[in-house]
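Everything on this sheet refers to the single structure shown next.
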């Protein structure tokens with residue numbers, strides 16, 4: 001099973017927020033998740049936009065989970081460096 005760390009969309013029209021989740025790469029964007037590892041609120045102020053469980057994300061990365069491009073940018077923004 002190939003796992004990905006990606007965004008799962010919630011919220012209403014023009015008021016999105018996202019959960020950062022670990023899921024099977026073959027499932028739909030809003031499909032069943034394995035684990036929730038954070039959230040991202042792009043509309044909030046800078047300090048409240050991003051909340052991550054860094055230890056769980058590092059654990060999943062060690063297990064071979066691949067972050068999506070957007071999640072990779074968010075992780076690099078919060079000083080969790082991805083090669």
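Obtain the radius of gyration and the Kirkwood radius of the chain from its C-alpha atoms and give Rg over Rh. Provide the component values of the computation, followed by the final result.
Numbers: Rg = 12.3 Å, Rh = 13.0 Å.
Expressed as Rg/Rh, it is 0.95.
In percent, what relative contact order does the chain have, based on Cα pairs under 8 Å that are 6 or more apart in sequence?
Values: 126 pairs, mean separation 22.6, N = 83.
The normalised contact order for the chain reaches 27 percent.
Taking R0 as 22 Å, what FRET efficiency do you get between residue 68 and residue 35 from their Cβ-Cβ distance, rounded to the nearest 0.05? Each step should come with its number before you reach the end.
Working: r = 15 Å, r/R0 = 0.70.
Efficiency computed from Cβ-Cβ geometry: 0.90.
Roughly how many Å is it from the Cα centre of segment 5-38 to that of segment 63-80, as a whole number?
Using only Cα atoms, the two centres lie 14 Å from each other.
Using every pair of alpha-carbon atoms in segment 5-48, split the distances into 5 Å bins beginning at 0 and state the percent of pairs per bin, rounded to integers.
Pair shares across the bins are 6, 23, 28, 21, 14, 7, 1.
Run the helix sum for the chain: -39,500 (n - 2.57) per DSSP H stretch of 4+ residues, divided by residue count, reported at 222 nm to the nearest 500 deg cm²/dmol.
Calculated mean residue ellipticity at 222 nm is -6500 deg cm²/dmol.
Sorted from largest to smallest, which semi-axis lengths in Å does the alpha carbon gyration tensor of segment 39-80 give for its equivalent ellipsoid, taking the root of 5 times each eigenvalue?
20, 11, 8
Grab the Cα-Cα distance for residue 46 and residue 3, subtract it from 0.36 nm times how many residues apart they are, and report the gain in nm with one decimal.
Details: separation 43, 0.36 × 43 = 15.48 nm, distance 2.90 nm.
Difference between extended and current length: 12.6 nm.
No value in this document is a laboratory result; all are computed from the given coordinates. None of the values given here were measured: they were computed from a predicted structure. Heads up, the Cβs are rebuilt from the backbone with ideal geometry, glycines too, and the neighbour counts pull from every protein chain shown.
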